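The values are calculated or read from the model by the stated rules, or taken from the named source; none is laboratory data. A quick note: this is a predicted structure, and the numbers were derived from the prediction, not measured. Cβ sites come from the backbone with ideal geometry, for glycine too, and all protein chains shown count toward neighbours. These area figures cover heavy atoms from the full protein model, side chains too; ligands, DNA and RNA do not enter into them. Shrake-Rupley method; radii C 1.70, N 1.55, O 1.52, S 1.80 Å.
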Amino acid sequence: MSSVEIPRETWATRIGFIFAAVGSAVGLGNIWRFPFQVGQEGGAAFLVMYLLFILAVGFPAMLVEFVVGRYTERNPVGALREIGTGAWRYVGWIFIATGFVILSYYSVVAGWTIRYTILGLQDGYLADAGEAEAQFVSLASGLDAIFLHAVFMGAVVLIVAAGIKRGIELAVKVMVPAIIVIAVGLAAYAATLEGAGDAYAYYLSPDLGVIAANWTSILPAAAGQAFFTLSLGMGVMITYASYLGEERNLAEDGAIVIGFDTAIAFITGLIVFPILFTAGVDPGDPGAGAIFVSLAAAFGDLTLGWLIGTVFFGTVAIAALSSAISLMEVVVSYAVDELEVDRRVAALAIGGGMFVLGVPSAYDLVLLDLFDLFADQILLVLGGLLLAILVGWILSDLAVEELSLGIGDLGGYGTAWIWAVRIPVVLVLLVALALGVLDYLEFLTGPFAEWLGE
Ligand code: PHE
């Protein structure tokens, strides 16, 4: 442990921490992945299953990260070195690596959202799905994408460099309320569209048959989504909770964060589907292009679609920014705590490194997949799994005691929490890891090998 005591920053207000965590959680996972998953996997029945996973897996796993962060008041590397023995001491590195890799390409995708925000103002969107797709392919990689990747990363660096109170907290206090207000406004607008009725039926009517027939694939999908959307498995919540100066009710804070994240995901479906149905665009295939191709084409078809599209993509860009700052903070907190580097220097150097690592992703979509699948399906899951085993099976007494600070005697709830971490969380992550490795091998021997051969 470092013997030098540097006074560590803390959040200025309780709401600051909550907004920061909500800002991290609400991102592309809510806006792009969630509504399409619900639509595809059986509507309301999937929604119920997803909520179950959020409660049984996401909530306990979030409390694990909160507890580790608040107890150690350290970045993930320092935190694991403090609570772990033997090889456990190095688990924190996985979080740093995950954050580094994910932000490198997350920033590329965020760059696309900036491009699509500008597109609405400049020439509007293309109504023809084929043309919209060709446009996406040409904008998604190349110099233009690299430039916007740099712009986005620059914005992240500026916010993180300014620190916890004056940078991140200030930024999320503006961004998160803006995201909520605009999302509700867009959903209200979408309700007035003529396709709204059909869209709600598609989005919200339960189809139990679909679930029964596909439950083996739906279960891991719902669990994976729960983990990703709550920003778990990469040390974000450890890092953010490490800046909590006081003893607060972590269970309550976690429940609020989860409530907001789920609400925004749900509301996004109420925006996206009425627009698609009204424009007669098939919501069927949720690929990387879902919002950039089908939704963009729908904006091309609607009256004033350019305006709605600009507002929509602008909001997505803001949501991506409030997620990205949490990822960069994971790595920057490590440099500041452990290497005692000045925060501004650290943010600039790390942002520069992430930019360079992201250039291949902005150069070719196959390379983006190469990074994405590895970080998202392997690294992230592995980090979450090891942490759940360590806290659930080895450090459970310490964890329950830490959670009870700010709450009081947990009684049976403490035991219930630990067992939720020990069995459902660990099991789900084990299955997800196995599937993730298989998926990745398939990608390496399939699309990637083909790409190399070209
Ligand atoms: N939770 C974010 C989303 O739903 C993604 C994310 C994961 C952001 C991890 C930061 C850290 O898009």
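General observations
- Within the range 130-142, restricting attention to residues that are of a type in the set (S, T, N, Q) and part of a helix (DSSP H, G or I), the residue that is nearest to Ile275 (Cα to Cα) is Gln135.
- Ser242 meets each of the listed conditions (1) open to solvent by 60 Å² or more (accessible area, probe 1.4 Å); (2) within 16 Å of the ligand (Cβ to nearest atom) apart from (1).
- Residue in the range 192-213 that is part of a helix (DSSP H, G or I), out of contact with any Gly (no Cβ under 7 Å at 6 or more places or on another chain) and hydroxyl-bearing (Ser, Thr, Tyr) present: yes
- Any chance Pro274 is touching a residue at least 12 places away in the same chain (Cβ under 8 Å) and either away from the ligand (no atom under 16 Å from the Cβ) or closer than 20 Å to Ile102 by Cα (or both): yes
- The number of residues in the range 108-129 being in a helix (DSSP H, G or I) and either open to solvent by 10 Å² or more (accessible area, probe 1.4 Å) or farther than 16 Å from Ala155 by Cα (or both) comes to 12.
- Condition check for Gly23: within 16 Å of the ligand (Cβ to nearest atom), crowded, with 24+ Cβ neighbours inside 10 Å and modelled with pLDDT of 95 or more: yes
- Candidate set: the range 3-20, residues that are open to solvent by 10 Å² or more (accessible area, probe 1.4 Å) and of a type in the set (Gly, Ala, Ser); chosen: the one nearest to the ligand (Cβ to nearest atom): Ala12
- The listed residue being open to solvent by less than 10 Å² (accessible area, probe 1.4 Å), farther than 20 Å from Ile275 by Cα and either within 19 Å of the chain's Cα centre (by Cα) or among the hydroxyl-bearing types (Ser, Thr, Tyr) (or both), out of Phe36, Phe46, Phe95: Phe95
- Index of the failed condition, Val293 passing every other in (1) assigned to a helix (DSSP H, G or I); (2) β-branched (Val, Ile, Thr); (3) open to solvent by 30 Å² or more (accessible area, probe 1.4 Å); (4) more than 14 Å from the ligand (Cβ to nearest atom): (3)
- Matching option when the condition is at positive phi and of a type in the set (S, T, N, Q), among Ser205, Ser242, Ser231: Ser231
- Flag if Ile218 is within 16 Å of the ligand (Cβ to nearest atom), under 23 Å from the mean Cα position of the chain (by Cα) and either in contact (Cβ under 8 Å) with a residue 60 or more places away in the chain or not in a helix (DSSP H, G or I) (or both): no
- Ala265 vs. criteria more than 12 Å from the ligand (Cβ to nearest atom) and either surrounded by fewer than 24 Cβ atoms within 10 Å (Cβ to Cβ) or in contact (Cβ under 8 Å) with a residue 24 or more places away in the chain (or both): no
- Enumeration of residues in the range 429-442 that are open to solvent by 40 Å² or more (accessible area, probe 1.4 Å) and not small (Gly, Ala, Ser): Leu430, Val431, Leu435, Val437, Leu438, Asp439, Leu441, Glu442
- Out of Ala145, Ala178, one residue alone is assigned to a helix (DSSP H, G or I) and either open to solvent by 10 Å² or more (accessible area, probe 1.4 Å) or in contact with a Pro (Cβ under 7 Å, 6 or more places away or on another chain) (or both). It is Ala178.
Residues checked against (1) out of contact with any Gly (no Cβ under 7 Å at 6 or more places or on another chain); (2) at pLDDT 95 or above:
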position: Val331; (1), (2): no, yes
position: Ala335; (1), (2): yes, yes
position: Ala347; (1), (2): yes, yes
position: Val359; (1), (2): yes, yes
position: Phe371; (1), (2): yes, no
position: Asp376; (1), (2): yes, no
position: Leu380; (1), (2): no, no
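- A search for C-beta distances below 7 Å between a residue of the range 161-186 that is touching a residue at least 60 places away in the same chain (Cβ under 8 Å) and farther than 19 Å from Ala346 by Cβ and any residue that is open to solvent by less than 40 Å² (accessible area, probe 1.4 Å) and not in a helix (DSSP H, G or I), counting only pairs 6+ apart in sequence or on different chains, returns Ile179/Val26.
- Among (1) away from the ligand (no atom under 16 Å from the Cβ); (2) under 23 Å from Ala420 (Cβ atoms); (3) not acidic (Asp, Glu), the one test that Leu230 misses: (1)
- Taking the listed residues Tyr105, Tyr71, the one that is of a type in the set (Ser, Thr, Tyr), in a helix (DSSP H, G or I) and more than 16 Å from the ligand (Cβ to nearest atom) is Tyr71, with no other qualifying.
- The set of residues in the range 403-428 that are open to solvent by less than 20 Å² (accessible area, probe 1.4 Å), in contact (Cβ under 8 Å) with a residue 40 or more places away in the chain and more than 12 Å from Ala61 (Cβ to Cβ) contains only Leu403.
- Scanning the range 371-396 for residues that are under 15 Å from the mean Cα position of the chain (by Cα) and among the polar types (S, T, N, Q) turns up just one, Gln377.
- For Ala196: the one exception among (1) in contact (Cβ under 8 Å) with a residue 24 or more places away in the chain; (2) open to solvent by 30 Å² or more (accessible area, probe 1.4 Å): (2)
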